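Enquirer: My structure is below; once you've seen it, I'll send some questions.
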Amino acid sequence: MLLCIATNALYSSISFLAGSAFNAVQHKATALEQLLMIALSLIGIILVQGTCDLSARVCAEILSKRFARNAREELYTSLLGKSQTFHNRQQVGDVMARASNDMTQLSDMVSPAFDIIFDSFSSLVINIAFIGLLNPQLLLVPVLYIVVFYFALRRYSRQLSPVSNQMREEFGQTNAVLNEAVAGIEVVKATAQENQEIRKFITRASRYRDFYVQNGKIQGRYLPTLLLGVALALAFLHGLYLLSHQQISLGALITFMGLMTNLRFVTFMSTWTFSLVQLGIAGARRILTLMKEETELDENAGGYHEQMRGDIVFDHVTFSYGNTPILKDVSFRARPGQTIAIVGQTGAGKSTLTKLVNRIYDVDSGTVSIDGTDVRQWDMDSLRSQISTIEQDIFLFSRTIAENIGYGLGSKADRATIETAAHDAQAHEFIQSFAQGYETEIGERGVTLSGGQRQRLAIARALLTDPRILILDDSTSAIDSATEDEIQKAIRRILQGRTTLLITHRLSQIRWADSILVLRKGELIDQGTHEELLARCETYRRIFSHYDAAVPTTVSSGD
Ligand code: ADP
């Protein structure tokens, strides 16, 4: 800021030198000497002013980039800390737009926008002060102009604000549409709906453009650029009037007009900078909305943290997403080391039930406790690090196989442990068959894996952290029969010594279970061993016969 003020003061003093030059030329006797002095001073001033200007710009740029970096870090940390419910509600594309483009708008608001606004307004104040020093009478026109300028700027900002907000919002939506189409490209292509997606995108992109044009129109109607011309003409007339009445010298008139012309900078820049500020504010508002949204789950850092034994108790648990109850009055117990299979039709609430154990969601009423302590009393970090989940939908990062397996341990995972886990998960062999072995990149830049291979990597990942409780969602996994046997072995291996909640439709796996829960529309209608349930539970028999018909190979391959 100080450098900015110095730059402007030096720049405006050039007008004074120009004025003195005119006065010097009028007094021919000493003109040459004086002109030489003036010329030398000009060079000196320009050099110092240039250095100040450059340093001011560097400071502003550093400030703006640090500001953006901190804001990004804060947003990222806040996003990772949000609950699953929060993330379910968000459109990924819109979140990405906020994290990238809105952040850029925020950074642009600091530099160049705030930087130039401060620069131009300090220039305004300095020029007006210099005009006052020159001759207070000369202040008439510039002061009038500033009053008009102030009101015009206020009106301009108010008009821009809603349009800028809508522009940012529309940009986020455009991004969300694009993101969805790219993420779901397989479905789009398989159903030949490219045209529909293109139309949707064009509609969004056009609306974004319309707001952009509207923004441009408001900028185009900005009055001060026009008014400045009128102000300059009036100032010149006023100056000439004072000159003809010998109130000011010719040099002073020249200086006055030089200072007036400097107002051009603040006027022209304000069109652009205030638009940037409005966009920055709109972006900041969107980022803040995201960050401020309630994190529904209390992480309870510093809560109960002990080595887990794996004794899970559901006591009259009821849960709903929004208003429809999904689980109703569910009670059961899984003792340490037991395998509990959960069966039921699709949508019965099996996955939901498992998500209450590691607090992806919290119960509405009743309690879920582990080792006699309500999960809400557990330190979230301690709770989750001792529970592993293998989802139906296995997510692998676009990193190497080794990094994917070692993910749960972060930087603490060494190669030997990773390989042991891969061995146990029956994954070592297929990993070795890749040219780069454990260093093979997965996903976007590397190989794509089959369902069975992904599942074994997920098992290896879960084995590595040696969890006390394992949640295994195997209900929809489509695995070719060649790898079936290996997967079964891997799963069998991973169940040992852990409390496991196993969602499955494989008869062979159901038979390993110590107890089976039968869910129907969110109600736990029976629990017991396979034989007991076959004997007494009609629903179980129906499910069973359904599985029986659907998966004949697993029935005959039972153990
Ligand atoms: P299952 O695993 O038995 O197939 P889920 O537990 O996945 O069943 O789902 C139970 C019910 O909860 C379904 O009716 C489903 O539509 C609903 N549901 C699942 N996840 C969500 C969610 N994130 N938000 C709202 N409803 C959900």
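Enquirer: Please list, in order along segment 258-272, the HN-Hα scalar couplings obtained from phi with the Karplus expression 6.51 cos²θ - 1.76 cosθ + 1.60 (θ = phi - 60°), rounded to whole Hz, x for Gly and Pro.
Expert: Here the 3J(HN,Hα) series is x, 5, 4, 4, 4, 5, 3, 4, 5, 5, 5, 5, 5, 4, 7 Hz.
Enquirer: Still on this model: What FRET efficiency would be calculated for the residue pair ASN195, MET96, taking the C-beta separation as r and a Förster radius of 22 Å, to the nearest 0.05? Don't skip to the end; give the middle numbers.
Expert: Values: r = 25 Å, r/R0 = 1.12.
It comes out at approximately 0.35.
Enquirer: Continuing with this model, one more query. Any idea what the relative contact order of the chain is, in percent, if you count C-alpha pairs under 8 Å spaced at least 6 apart? Walk me through the numbers on the way to the answer.
Expert: Details: 795 pairs, mean separation 82.4, N = 559.
For the chain, the relative contact order is 15 percent.
Enquirer: Using modelled amide H (1.01 Å from N, peptide plane; none on Pro or chain starts), what sits under 5 Å from the amide H of TYR304, excluding residues fewer than 5 places away?
Expert: Excluding prolines and chain starts, which carry no amide H, the hits are TRP378, ASP379.
Enquirer: With the crude spin-label approximation of a point 7 Å out along Cα→Cβ, what separation in nm comes out for GLU61 versus THR417?
Expert: 4.5
Enquirer: While we're here: List every residue whose amide H lies under 5 Å from the amide H of ARG399, counting only residues 5 or more places away in sequence or on a different chain, with H placed 1.01 Å from N in the peptide plane.
Expert: Residues meeting the amide H criterion: ILE442.
Enquirer: Sticking with this one: Go through 494-505, 392-403 and give me the packing order, highest mean Cβ count within 10 Å leading.
Expert: Numbers: 494-505: 21.2, 392-403: 15.6.
So the peptides 494-505, 392-403, ranked by packing, come out 494-505, 392-403.
Enquirer: Right, here's the next one. For the peptides 229-235, 92-98, what is the packing order when you average, over each peptide's residues, the other Cβ atoms within 10 Å and list the highest mean first?
Expert: On the way: 229-235: 16.0, 92-98: 19.4.
Top of the packing list down: 92-98, 229-235.
Enquirer: What residues have an amide H closer than 5 Å to that of ILE342, excluding those fewer than 5 places away on the same chain, when H is modeled at 1.01 Å from N in the peptide plane?
Expert: When sequence neighbours closer than 5 places are left aside, the close amide H contacts are LEU502, ILE503, THR504, LEU517.
Enquirer: A further question follows. Which distance in Å, rounded to a whole number, links the C-alpha centroids of segment 311-369 and segment 134-174?
Expert: Result: 58 Å between the Cα centres.
Enquirer: A further question on this structure: Under a Cβ-Cβ cut-off of 13 Å, what is the net charge of the residues other than GLN214 that fall near it, where Lys and Arg count +1 and Asp and Glu count -1? All intermediate terms of the calculation are to be shown ahead of the outcome.
Expert: Values: positive: ARG207, ARG209, LYS217, ARG221; negative: GLU170, ASP210.
Overall, the nearby charge balance is +2.
Enquirer: Let me ask something else about it. Given contacts defined as C-alpha pairs under 8 Å and at least six residues apart, what's the relative contact order of segment 394-466, whole-number percent?
Expert: Numbers: 89 pairs, mean separation 35.4, N = 73.
Reported relative contact order: 48 percent.
Enquirer: Alpha carbon centre of segment 95-133 versus segment 426-471: separation in Å?
Expert: Between the Cα centres of segment 95-133 and segment 426-471 lies a distance of 51 Å.
Enquirer: Taking R0 as 25 Å, what FRET efficiency do you get between GLN432 and PHE397 from their Cβ-Cβ distance, rounded to the nearest 0.05?
Expert: Numbers: r = 21 Å, r/R0 = 0.83.
Efficiency, rounded to the nearest 0.05: 0.75.
Enquirer: Between ARG155 and ARG511, what is the label-to-label distance in nm when each label sits 7 Å out along the Cα-to-Cβ direction?
Expert: For the pair ARG155/ARG511, the computed spacing is 8.5 nm.
Enquirer: Measuring from label point to label point, each 7 Å out along Cα→Cβ, what is the LEU40 to HIS316 span in nm?
Expert: Each label point lies 7 Å from its Cα, and together they span 9.7 nm.
Enquirer: Under 8 Å for C-alpha pairs, at least 6 residues apart: give me the relative contact order for segment 350-494, rounded to a whole percent. Display every interim value, and only then the final one.
Expert: Details: 178 pairs, mean separation 45.8, N = 145.
Relative contact order for segment 350-494 comes out at 32 percent.
Enquirer: Please give the contour-minus-distance gain from THR51 to VAL143: 0.36 nm per residue of separation, less the Cα-Cα distance, rounded to one decimal in nm.
Expert: Details: separation 92, 0.36 × 92 = 33.12 nm, distance 3.11 nm.
The THR51-VAL143 span can extend by a further 30.0 nm.
Enquirer: I need the phi-derived Karplus couplings for segment 228-237: 6.51 cos²θ - 1.76 cosθ + 1.60, θ = phi - 60°, integer Hz, Gly and Pro marked x.
Expert: My calculation for segment 228-237 gives 4, x, 4, 4, 4, 4, 5, 4, 5, 4 Hz in order.
Enquirer: List, in order, the whole-Hz ³J(HN,Hα) value for each residue of segment 406-414 obtained from phi through the Karplus relation with A = 6.51, B = -1.76, C = 1.60 and θ = phi - 60°; use x for Gly and Pro.
Expert: x, 3, x, 9, x, 7, 7, 7, 9
Enquirer: Provide the gained length on full extension for the span GLN496 to VAL187, in nm with one decimal, where the gain is 0.36 nm per separating residue minus the Cα-Cα distance. Provide the component values of the computation, followed by the final result.
Expert: On the way: separation 309, 0.36 × 309 = 111.24 nm, distance 3.89 nm.
Using 0.36 nm per residue and subtracting the Cα-Cα distance, I get 107.3 nm.
Enquirer: Starting with the highest mean, order 272-282, 240-250 by the number of other Cβ atoms within 10 Å, averaged over the residues of each peptide.
Expert: Working: 272-282: 21.6, 240-250: 13.4.
The packing order, highest mean first, is 272-282, 240-250.
Enquirer: For the chain, what proportion of DSSP beta bridges, expressed in % and rounded to the nearest 5, is antiparallel?
Expert: Values: 20 of 41 bridges.
About 50 percent, rounded to the nearest 5.
Enquirer: Using a/c under 1.5 as the rounded threshold, could you call segment 394-466 rounded, prolate or oblate? The axes a ≥ b ≥ c are square roots of the C-alpha gyration tensor eigenvalues, and prolate needs a/b larger than b/c, oblate otherwise. Walk me through the numbers on the way to the answer.
Expert: Working: a/c = 1.39, a/b = 1.28, b/c = 1.09.
The shape class here is rounded.
Enquirer: Let's test the formula: R0 of 45 Å, r as the Cβ-Cβ distance of ASN88 and THR261. What FRET efficiency results, to the nearest 0.05? Walk me through the intermediate numbers first.
Expert: Working: r = 59 Å, r/R0 = 1.30.
Between ASN88 and THR261 the formula returns 0.15.
Enquirer: For ARG285, project a label point 7 Å along Cα to C-beta. Then give me every residue of segment 159-174 with its amide nitrogen under 15 Å of that point.
Expert: Backbone N within reach: 159-172.
Enquirer: Now a separate question. So what is the 222 nm mean residue ellipticity for the chain from helices alone, if each DSSP H run of at least 4 adds -39500 (n - 2.57) and you divide by all residues, rounding to the nearest 500 deg cm²/dmol? Write down the numbers at each step before the final one.
Expert: Working: 22 runs with 347 residues, N = 559.
Roughly -20500 deg cm²/dmol at 222 nm, from the helical runs in the chain.
Enquirer: Pull up the cross-link candidates among the lysines for LYS328, meaning alpha carbon to alpha carbon under 23 Å and not fewer than 8 places away within one chain.
Expert: Here the lysines satisfying the reach criterion relative to LYS328 are LYS350, LYS355, LYS521.
Enquirer: How much length would be gained if the chain were fully extended between ASP466 and SER206, taking 0.36 nm per residue of separation minus their Cα-Cα distance, in nm to one decimal? Provide the component values of the computation, followed by the final result.
Expert: Values: separation 260, 0.36 × 260 = 93.60 nm, distance 5.26 nm.
Between ASP466 and SER206, full extension yields 88.3 nm more.
Read the figures in this text as sums done on the coordinates, not as results from a lab. Bear in mind that the values here come from a model prediction, so they are computed numbers and not experimental data. Glycine gets a Cβ as well: all are built from the backbone with ideal geometry, and neighbour counts include every protein chain shown.
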